[in-house]
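Throughout, read-outs are computed from the coordinates displayed, never taken from laboratory work. Predicted, not measured: the structure shown is a model, and the values here were computed from it. Glycine gets a Cβ as well: all are built from the backbone with ideal geometry, and neighbour counts include every protein chain shown.
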């Protein structure tokens, strides 16, 4: 409910700003919103179904099991490879990180895994980014972001060395 | 800048059910078939049920998000957006986007409307990638709600430090990658690109400045 109220307040604030705007932007704003709704709502609805089916095919524990108790450079590489295929939001992912940590996975591997899940996670890409921003933007961003997880893992390795 | 909403080409229906829409139909059908084939009928129904629940949850939020995006789009001053986070904004634009991303609360439904609006208002691809990366990696809300309670302060600090430079790296790479300005998958989006190109050459060629040019 909180997020709904937050979004509604944000929308109302912007509408009020548009209404009070010297250029009378209320109608243009409504037109632009209508365009966006008509174009994006059907795509997002379908994308959501697709993401759900894919999540069922690739459940969280199957993926996270692959990381197991790995650490060091090997852990970073495995985490990089599997992070993007991890479905679900933070409610599912953080308990998994805790479990992996207890199973002995190293901090650099876990940081890599979280980074990969955050920037490459397939469900968010399918559900929001692709429908709303278009395929080219997604490809561009994924290429740019694909190198980030190991960078974060290696920085964590170095930080650990300094820390201890 | 009171402008008409962009991409006005073709009828509303043809814009709704464009190529991208049918690509999503195809993807959904393939994903459903794969789910049935690999996991069985029960798993398919279970996934469908969960999806419908999520759809009920998300629908009103998406509508509000699109209102936010639509109004942000007409309210955002294009010249200022171009100045601060446009193609010529350099590292400053990437830094601004990174800070904004880290400060944006909430999940994807709350942040994507602004990305869409900024995109429409002329923000550069690199800056948007930096913004999304920063929001995904440095967002303070996730650190507070999930990371510190579950993984502890040390882990949260170390992960945040390790992630600090990443939005700038991603934004820089995204800007360097070749290709057209994005969002040109579908005809109406090409119409928008055409307008953007037109706007860029406004200063040089007054003849291209007309409003009547439309794509069929």
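How high is the relative contact order of chain A, given as a whole-number percent (alpha carbon pairs under 8 Å, six or more residues apart)? Intermediate results must be reported in sequence, preceding the final value.
Values: 167 pairs, mean separation 38.3, N = 164.
Across chain A, relative contact order equals 23 percent.
Neighbouring Cβ atoms within 10 Å as the yardstick, rank B:23, A:1, A:132 fewest first. Present the calculation step by step, with values, prior to reporting the outcome.
Values: B:23 17, A:1 5, A:132 26.
Neighbour counts put them in this order, fewest first: A:1, B:23, A:132.
Which shape class, rounded, prolate or oblate, goes with region A:58-163 when its Cα gyration tensor gives a ≥ b ≥ c as root eigenvalues, a/c under 1.5 marks rounded, and past that a/b bigger than b/c marks prolate?
Details: a/c = 2.49, a/b = 1.47, b/c = 1.69.
Oblate.
Looking at the protein assembly as shown, I'd like the Rg to Rh ratio, where Rg is from alpha-carbon atoms and Rh is Kirkwood's inverse mean 1/r.
Details: Rg = 21.2 Å, Rh = 21.7 Å.
Rg/Rh: 0.98.
Could you work out how much longer the chain between residue A:102 and residue A:16 gets when fully extended? Use 0.36 nm per residue separation minus the Cα distance between them, nm to one decimal. Don't skip to the answer; put the middle values down first.
Numbers: separation 86, 0.36 × 86 = 30.96 nm, distance 5.08 nm.
Full extension of this stretch gives 25.9 nm more.
Determine the shielding of peptide B:40-50 by partner chains: average, over its residues, the number of Cβ atoms on other chains within 10 angstrom of each Cβ. Kindly include the intermediate steps, with their values, before the conclusion.
Details: counts 0, 0, 0, 4, 2, 0, 2, 8, 4, 1, 4.
Average neighbour count from other chains, rounded to a whole number: 2.
Once R0 is set to 51 Å, what does the formula 1/(1 + (r/R0)^6) return for the Cβ-Cβ distance between residue B:78 and residue A:58, expressed as a FRET efficiency to the nearest 0.05?
Values: r = 41 Å, r/R0 = 0.81.
Efficiency, rounded to the nearest 0.05: 0.80.
For all pairs of alpha-carbon atoms in region B:13-54, what percent lies in each bin of width 5 Å, listed from the first bin to the last filled one?
Reading the bins upward from 0: 6, 23, 19, 21, 15, 11, 5, 1.
With contacts defined as alpha carbon pairs under 8 Å and 6 or more residues apart, what's the relative contact order of region A:75-164 in percent? Display every interim value, and only then the final one.
On the way: 89 pairs, mean separation 35.4, N = 90.
Over region A:75-164, the number comes to 39 percent.
On average, how many beta carbons from a partner chain sit within 10 Å of the beta carbon of a residue in A:143-151? Can you show the working numbers first?
Working: counts 6, 14, 12, 2, 4, 10, 2, 0, 6.
Rounded to a whole number, the mean comes out at 6.
Once you have a ≥ b ≥ c as the square roots of the Cα gyration tensor eigenvalues for region B:12-206, tell me rounded if a/c is under 1.5, and otherwise prolate or oblate according to whether a/b is larger than b/c. Walk me through the numbers before you get to the answer.
Numbers: a/c = 2.00, a/b = 1.14, b/c = 1.76.
Oblate, since a/c reaches 1.5 and b/c is not below a/b.
Which residue, A:33, A:118, A:71, has the most motion in a Gaussian network model of chain A that connects Cα atoms within less than 10 Å?
Comparing A:33, A:118, A:71 in a Gaussian network model of chain A, the most mobile one is A:33.
If you average the C-alpha positions of region A:9-33 and of region B:51-66 separately, how far apart do those two centres end up, in angstrom?
The distance from the Cα centre of region A:9-33 to that of region B:51-66 comes to 22 Å.
To the nearest 0.05, what FRET efficiency results for residue A:8 and residue B:157 with a Förster distance of 41 Å applied to their C-beta separation?
On the way: r = 35 Å, r/R0 = 0.86.
Given R0 = 41 Å and the Cβ-Cβ separation, E is 0.70.
Relative contact order of region B:71-141: what whole-number percent is it, with Cα pairs under 8 angstrom and at least 6 residues apart?
Numbers: 95 pairs, mean separation 31.6, N = 71.
Computed value for region B:71-141: 44 percent relative contact order.
Rounded to the nearest 500, what is chain A's calculated 222 nm mean residue ellipticity when only DSSP H runs of at least 4 contribute -39500 (n - 2.57) each, over all residues?
Working: 9 runs with 129 residues, N = 164.
Only helices count here, giving -25500 deg cm²/dmol.
Given axes a ≥ b ≥ c from the Cα gyration tensor, I'd like to know whether region A:1-43 is rounded (a/c under 1.5), prolate (a/b larger than b/c) or oblate.
Oblate is the answer for region A:1-43, as a/c is 1.5 or above yet b/c matches or exceeds a/b.
Across peptide B:167-175, what mean number of C-beta atoms from other chains lies inside 10 Å of a residue's C-beta? Show your work: numbers first, answer last.
Numbers: counts 3, 0, 5, 10, 3, 1, 8, 7, 2.
Per residue, the average neighbour count from other chains is 4.
Order of A:112, A:27, B:133 from fewest to most other C-beta atoms within 10 Å?
Working: A:112 34, A:27 12, B:133 28.
So the residues, fewest neighbours to most, are A:27, B:133, A:112.
Tell me, B:51, B:79, B:18 in order of fewest to most beta-carbon neighbours within 10 Å?
Working: B:51 22, B:79 11, B:18 18.
Fewest-to-most Cβ neighbours within 10 Å comes out as B:79, B:18, B:51.
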